[in-house]
């Protein structure tokens, strides 16, 4: 099976539907080629495997989502799993309780990260992390308490966390040896602002990761996917990500056509997308907040005084 569905329950991982997660993981790893990727996919706010209606395993973390929703696109399948190939690797679809208030979920994300770190240690081979919203916070926390070379690449999609959390993760042994791709968009500005307003930041004057790190770390790259130069440069690298169609969207980082082709290449062909090249090709200065929401429409007005006068 290319997909292993796990849930974090009472401080430890369990198989979706019941059973020992560690035994299932051991069985999967035994037959996995050494060069095959292990990817841990982590959902964000409002999902919970404890409630069928909100289960991520019927939604974005399923190979074939059964939930009728425009956002219900399969992360595992779009990352190349479920094709029956010998070396396609293992995708761990990780469910955790991300419901309740934003304060409850924000705290739960940190706790979930500690458990994910134990999973990473058990796997004992480099893993890739893909997390959206508060799932990115889970990924950063897991990296912050993991050993060196345990995380190959982490892809953060519209991360619901702060710069200080990222810097803490990058200062860890795992963070020193991992590559981190921070996918941002001004479409997410409203959600970033709400996070900064509602949640107490770890440090004074902290800001959400939607504003990026502005080149503060050698192994971190910010990719603003509603920035024209960024999209054009990605196109030159062979990745045609569709232009944004909304001014406000928290899910654009994964529903945007073409985005997952880029994430798949980051995971499955990392040597073809070295970090030095990405940092050189992609602008590392974020557009100002609200620049998309309050962008004036482009208009072309012919002014009569611009014409040649006639008498």
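Computed from the coordinates by the stated procedures, all read-outs in this text should not be read as laboratory data. If you're wondering where the values come from, they're calculated on a predicted model, not measured in any experiment. Because the Cβ atoms are built from the backbone with ideal geometry, glycine has one as well, and the counts that use them run over all protein chains shown.
Observations on the structure shown:
- Label reach from residue 198 (point 7 Å along Cα→C-beta): in segment 34-74, amide nitrogens under 17 Å belong to 44-48.
- Label positions at residue 171 and residue 248, each projected 7 Å from the Cα along the C-beta direction, are separated by 3.6 nm.
- Compared with the dominant principal axis of the Cα atoms in the chain, helix 102-123 is inclined by about 50°.
- Length-normalised contact order for the chain - Cα pairs under 8 Å, 6+ apart - percent: 14
- The chain, helix-only ellipticity at 222 nm - DSSP H runs n ≥ 4, -39,500 (n - 2.57), divided by all residues, nearest 500: -9000 deg cm²/dmol
- If the segment from residue 164 to residue 52 were pulled out straight at 0.36 nm per residue, it would be longer than the present Cα-Cα gap by 36.9 nm.
- Going from the fewest other Cβ atoms within 10 Å to the most, the residues 251, 103, 70, 75 appear in the order 70, 103, 251, 75.
- Spatially, segment 178-211 and segment 2-24 are offset by 30 Å when compared through their Cα centroids.
- Overall, the anisotropy analysis places segment 57-180 in the oblate class: the square-rooted eigenvalues a ≥ b ≥ c of its C-alpha gyration tensor yield a/c not less than 1.5, with a/b not exceeding b/c.
- Cα centroid separation, segment 224-267 to segment 85-143 (Å): 23
- Taking 236, 12, 128 and counting other C-beta atoms within 10 Å, the order from fewest to most: 236, 12, 128
- For residue 23 and residue 101, the FRET efficiency from 1/(1 + (r/R0)^6), where r spans their Cβ atoms and R0 equals 30 Å, is about 0.30.
- Inter-label distance for residue 235 and residue 148, nm, one decimal - labels placed 7 Å from Cα along Cα-to-Cβ: 4.2
- Build a GNM of the chain with springs between Cα atoms under 10 Å apart, and of 139, 112, 193 the one that fluctuates most is 193.
- At q = 0.10, 0.14 Å⁻¹, base-10 log of I(q)/I(0) for the chain (Debye sum, equal scatterers on each alpha carbon): -0.53, -1.04
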